[in-house]
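All remarks here apply to the structure that follows.
The values are calculated or read from the model by the stated rules, or taken from the named source; none is laboratory data. These figures come from a predicted structure and were not determined experimentally. FYI the Cβ positions are ideal-geometry reconstructions off the backbone, even for glycines, and counts take in every protein chain you see. What goes into the accessible areas is simple: the full protein's heavy atoms, side chains included, and nothing from ligands, DNA or RNA. Shrake-Rupley method; radii C 1.70, N 1.55, O 1.52, S 1.80 Å.
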Amino acid sequence: MMVDPASPTALPAAALTNSVRSRREALGLGPSELARRAGMTRQALHRIEAGSYAPGVMAALHLARALACRVDDLFFLPDDMAVARLVGGPARPGQRLQLARLGEELCAYPLSGVEALSGSADALLSSELPGDRVGCSPLTPVQGWEQTAVLCGCDPALSLLRGQVVRGQSAAARVLLRPAVSEAALAALVSGEAHAAGLHLYDPVSGESNLPFVAAALPDQVVHVYALWSWEQGLILPPGNPQRLASVADLGRAGLWIANRPPGSGSRRLLDDWLAQAGLDAGQLSGYADEYASPLDLAAAVAHGQADVGVGPRSAAQAHGLDFVPLLRERFDLVIPDQHLAHPGVQALLQAARSPALRAELRALGGYDPAESGQPIATFSPSPPRSARI
């Protein structure tokens, strides 16, 4: 028996939002097959998925059965759902999300991988909406989203910084840590996907860390830069340095296998700059294309014999009991657009950065110098427009 999706008991379509299409696609079902299983025409299913019709009770029950879910997993009243911008990759219906407000926009960050098991969720993805918007079924109070700051960066020590926020603040402030290489973290500020970014980008022309990149990426905003810590960058090597490597020029030796970081990371930029200065062709180095997501992952590859050398911070080498040849000291800074500076989560980050407890932890780890942690480095303001010449 075919079911009429526009029965007299149906609500007006504008009163409902649905996730029928996204759930169908997640199950790998074509529209014809779902229509057959739900006992309706393909045309009727299309109108439901498009939001032209709100289904009656029988149609909704048949669809829920065909999609192996509940009716309220498919259809939502506006008051039951928060609309957010999906950030950080695709997500499927039912996936757990963390939420944070950036300016006027609510952003949803999917929990995946290890975070899916350890991170606490604010909502479930209930429906896919036009563009990059999704409907979210809230699990936590709205106030928590408003007090949440999003921090992007690649240094594992940022977890210690966030930990100090958790220990030192009330529930009024929270920090979501989103792993990202330095250039991607800076891009997240540009695109309005983060409140703050941790960076280590060295400019060999000026000899300055981070500031030239911040000025170039955010020329039309007031932006504040705070020191977090400094560290040594150099060659991460197996214990005892069996290849007797002492400089970047040694990376040209035959038989060496190199572990690398992804494009956009501070360590990758350093390696490329150093190779160019040494006159070495990166394309001729074995292992150059082997990219590791974090400094610790790269150091683990060296520790496990998957590579002979990699460029990264001393802290990563020490974490795996490896040798290290220092080549450069650089700053790791916190970059905050002025519009987010007063955010309670951002203020909690700065307070945590200045705490003696954080500095003690970083010194105990080794490889970090937190002497200036939390101190202002620079503030950038938009340049005034030039007067037109007459």
If each of Ser120 and Asp297 carries a label point 7 Å out from its Cα toward its Cβ, how far apart are those two points in nm?
2.8
Burial order of peptide ranges 306-315, 57-66, 124-133, 138-147 (average beta-carbon count within 10 Å, highest first):
306-315, 57-66, 124-133, 138-147
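Can you tell me, using C-alpha contacts under 8 Å and at least 6 residues apart, the relative contact order of the range 233-338 as a whole percent?
On the way: 175 pairs, mean separation 47.3, N = 106.
Value for the range 233-338: 45 percent.
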By how many nm would the segment from Thr379 to Arg133 lengthen if fully extended, with 0.36 nm per residue of separation less the alpha-carbon distance?
85.2 nm
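Sequence gap at least 6, Cα distance under 8 Å: using those rules, report the relative contact order of the chain to the nearest whole percent. Present the calculation step by step, with values, prior to reporting the outcome.
Details: 785 pairs, mean separation 62.7, N = 390.
It rounds to 16 percent for the chain.
When the solvent-accessible surface of protein heavy atoms is calculated with a 1.4 angstrom probe, in what order do Phe332, Phe324, Phe380 fall, highest first?
On the way: Phe332 0, Phe324 30, Phe380 55 Å².
Final ranking, largest accessible area leading: Phe380, Phe324, Phe332.
Return a whole-number percent for the relative contact order of the range 199-281, with Cα pairs under 8 Å and 6 or more residues apart as the contact set.
Details: 38 pairs, mean separation 26.4, N = 83.
About 32 percent, as a whole number.
For Leu328 and Arg167, what does the FRET efficiency come to when R0 = 30 Å and r is the distance between their Cβ atoms, rounded to the nearest 0.05?
Numbers: r = 33 Å, r/R0 = 1.09.
Efficiency at R0 = 30 Å is approximately 0.35.
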For the residue pair Glu25 and Val205, what label-to-label distance in nm results when each label sits 7 Å from Cα along the Cα-to-beta-carbon direction?
4.2
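Tell me, in nm to one decimal, what length is gained between Gln351 and Ala68 on full extension, where the rule is 0.36 nm per residue of separation less the Cα-Cα distance? Write down the numbers at each step before the final one.
Working: separation 283, 0.36 × 283 = 101.88 nm, distance 4.83 nm.
The Gln351-Ala68 span can extend by a further 97.1 nm.
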Of the residues Ala316, Trp229, Leu45, the Cα lying farthest along the dipole of the chain towards its positive end, which is defined by charges on the beta carbon of Lys, Arg, Asp and Glu, belongs to Leu45
